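Below is one structure, written out as structure tokens; comments come after it.
The values are calculated or read from the model by the stated rules, or taken from the named source; none is laboratory data. Note that this is a predicted model, so its numbers are computed, not measured. Cβ placement follows ideal geometry from the backbone for every residue including glycine, while neighbour counts extend to all protein chains displayed.
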Amino acid sequence: MRYVVSACLVGCRCRWDGAGREDPRAVELLRQGLALPVCPEQLGGLATPREPAELSGGDGEAVLRGEARVLTLSGRDVTDAFVKGAQEAARLALSFGAEAALLAPRSPSCGVSSVHGGGAVVPGMGVAAAALTRAGLKLEESAGG
């Protein structure tokens, strides 16, 4: 099975703070040629490092429906970049033939079961995770990150 994986999980220094967090499973999938690393936030045009962002008004699915926003801690609206990056990650995943995704936890892009929102970690899915779900991929969340 082919995967799309959060690029930070294979050591790419693309997290908001310029760090990477390797997940041994993601690294092994990449080594076997079964994984395509993507960073939805970079695909959306955001720089690294960048100001942390969180969801406001709902989860990633609500962002894709236009019912919620993604805001940096200083209040800058980066919703358009998150949506663009999520859509591009889904397009790349399908082009690669991915059937599943292994994603970074708690990320406003990649979180599968919880995300940063409203100053806390809250239940919900990130924007890219929601787009990948819409594209039919099975989501898995890294234990690390």
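Checking the conditions here, which among ARG15, ARG21 is crowded, with 18+ Cβ neighbours inside 10 Å, of a type in the set (Lys, Arg) and touching a Gly at 6+ places or on another chain (Cβ under 7 Å)?
One residue alone meets the criteria, ARG21.
Residues to consider are LEU46, LEU30, LEU34; find the one that is crowded, with 22+ Cβ neighbours inside 10 Å and not polar (S, T, N, Q).
Only one candidate passes the filter, namely LEU46.
Can you pull out every residue in the range 2-12 that is in contact (Cβ under 8 Å) with a residue 60 or more places away in the chain and either under 14 Å from the mean Cα position of the chain (by Cα) or buried (at least 23 other Cβ atoms within 10 Å of the Cβ) (or both)?
TYR3, VAL4, VAL5, SER6, CYS8, LEU9
When you scan the range 73-92, do you find a residue that is out of contact with any strand residue (DSSP E or B) (no Cβ under 8 Å at 6 or more places or on another chain), at pLDDT below 95 and under 12 Å from ALA53 (Cα atoms), even just one?
Scanning the range 73-92 turns up no residue that is out of contact with any strand residue (DSSP E or B) (no Cβ under 8 Å at 6 or more places or on another chain), at pLDDT below 95 and under 12 Å from ALA53 (Cα atoms).
Among the residues of the range 80-122, which ones are in contact with a Gly (Cβ under 6 Å, 6 or more places away or on another chain) and surrounded by fewer than 19 Cβ atoms within 10 Å (Cβ to Cβ)?
Across the range 80-122, the qualifying residue is only LYS84.
Taking the range 82-97 as the search range and keeping residues that are of a type in the set (Gly, Ala, Ser) and more than 12 Å from the chain's Cα centre (by Cα), which one is nearest to ALA47 (Cα to Cα)?
ALA93
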